[in-house]
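Below: one structure, written as structure tokens.
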Amino acid sequence: MLAALSVPMYAPSSTAGLSLASAGLVLLIVVLPEPPLRSLRSLGLVLAAAGLSTLPASMPRVSQVLDEWAGWVSAAPLGLAAWALGAAAAWALLRWLRRGWPLDLHLSLALVPAMVALSPAPPLSMRAWLAAFAGAIVIAVLYGAYRMAFIDALTGLPNRRALDERLSRSTGRMAVAMVDIDFFKRFNDRYGHEAGDRVLKSVAGQLRRCAGGSAYRYGGEEFAIVFDGRRVEHAGEALEDVRTAVESLRVRLRKDASRTRAQAVRRGQTAGEVGVTISIGLAERDPERRTCSAVVDAADKALYRSKQRGRNRLTLAGAARMN
């Protein structure tokens with residue numbers, strides 16, 4: 001995307017810029033998960049074809065640009081500080097992409113001008129640098145919008161909208177698990193919403209580690225885990241590991257949150273800590289459940305049976321409980 005914005009400043013004509021801009025547009029359309037944008041893929045492919053058809057005419061200029069950059073690389077020993085700043089900026093940018101913390105993005109954007117000031121870069125016009133920074137801002141805005149639409153702010157897991165998008169693209173073998181935190185409403189009423197949020201984060205952290213599965217926050221205290229290409233037996237083993245890991249969790253509370261020290265000790269917990277359990281329902285795609293919605297519905301019914309049988313267990317749709 002940055003190349004699509006900045007390379008046109010190099011070229012005497014817009015042919016090379018059109019080619020790279022078309023490729024960037026196609027990449028953007030494919031990456032963005034918003035379903036309505038899929039209708040733009042055909043337009044992107046047409047623009048890419050038109051741009052690629054003009055690429056041979058721009059090859060001499062591309063070769064000249066590569067020669068200029070080769071000279072810049074040969075002068076790298078004179079700009080070790082610039083390289084270090086560039087690496088630090090890239091590291092901060094990767095942390096921002098992974099965690100979504102604004103501080104990482106701001107640090108990355110602050111290091112880039114310092115890197116540019118120290119680097120023995122080839123002569124570039126101010127328009128080229130402004131275009132590069134504008135591209136970075138556009139990418140930041142797009143990624144921020146993506147996180148707002150598809151990422152749950154509390155747990156950091158993809159939300160139900162992202163789950164629906166994932167299921168709409170799923171084909172072949174698939175299993176879905178619905179997960180619910182046991183007695184969560186009672187827990188919230190007793191210890192407060194701050195403690196409830198801490199429990200949600202802790203459980204989400206364990207679900208994120210589920211082998212072979214992708215965890216989503218379905219809503220409230222309910223989560224979903226999607227297993228693409230996995231047999232239900234393998235998914236069941238991974239879910240059992242998650243269930244036991246959650247069962248061993250001890251979530252810290254404020255000193256005034258737990259009722260009495262004696263009550264906590266009777267439950268085998270340290271005062272100021274509380275245990276958590278989850279119930280799970282698991283279903284897979286089969287001849288009776290061909291659609292993703294049918295699989296999710298079957299997993300939800302299996303989850304309900306887990307609750308009826310005493311909670312803190314895994315139940316497979318259409319079968320006896322698995323533990």
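The values are calculated or read from the model by the stated rules, or taken from the named source; none is laboratory data. Predicted model, so just to flag it, every value in this text is computed and none were measured. Because the Cβ atoms are built from the backbone with ideal geometry, glycine has one as well, and the counts that use them run over all protein chains shown.
All conditions in (1) modelled with pLDDT of 85 or more; (2) at positive phi; (3) not basic (K, R) hold for Y304, with the sole exception of (2).
Select from segment 162-203 the residues that are of a type in the set (G, A, S) and over 21 Å from the mean Cα position of the chain (by Cα) and write down the one among them that is nearest to R305 (Cα to Cα). Selected residue: G196.
Is segment 229-237 home to any residue that is free of Cβ contacts under 8 Å to residues at least 60 places away in the same chain, closer than 16 Å to L303 by Cβ and in a helix (DSSP H, G or I)? Can you show your working first?
The initial filter retains those residues of segment 229-237 that are free of Cβ contacts under 8 Å to residues at least 60 places away in the same chain, namely 229-231, 233-234, 237.
Then keep just the ones that are closer than 16 Å to L303 by Cβ; that gives none.
No, the conditions are met nowhere in segment 229-237.
Among residues of segment 206-220 that are within 13 Å of P158 (Cα to Cα), those with a beta-carbon under 6 Å from a residue that is of a type in the set (D, E) and part of a loop (DSSP other than H, G, I, E, B) at least six positions away or on a different chain give the pairs R217/D152. Cβ-Cβ distances below 9 Å connect the following pairs, each with a first residue in segment 178-198 that is farther than 30 Å from V232 by Cα, a second residue that is of a type in the set (V, I, T) and assigned to a helix (DSSP H, G or I), and a separation of six or more residues or different chains: F187/V199; N188/V199; Y191/V199.
Do we have any residue at all in segment 170-178 that's charged (D, E, K, R), in the same structural domain as P287 (by TED's automatic domain parsing) and modelled with pLDDT under 90? Taking every residue of segment 170-178 in turn, at least one turns out to be charged (D, E, K, R), in the same structural domain as P287 (by TED's automatic domain parsing) and modelled with pLDDT under 90.
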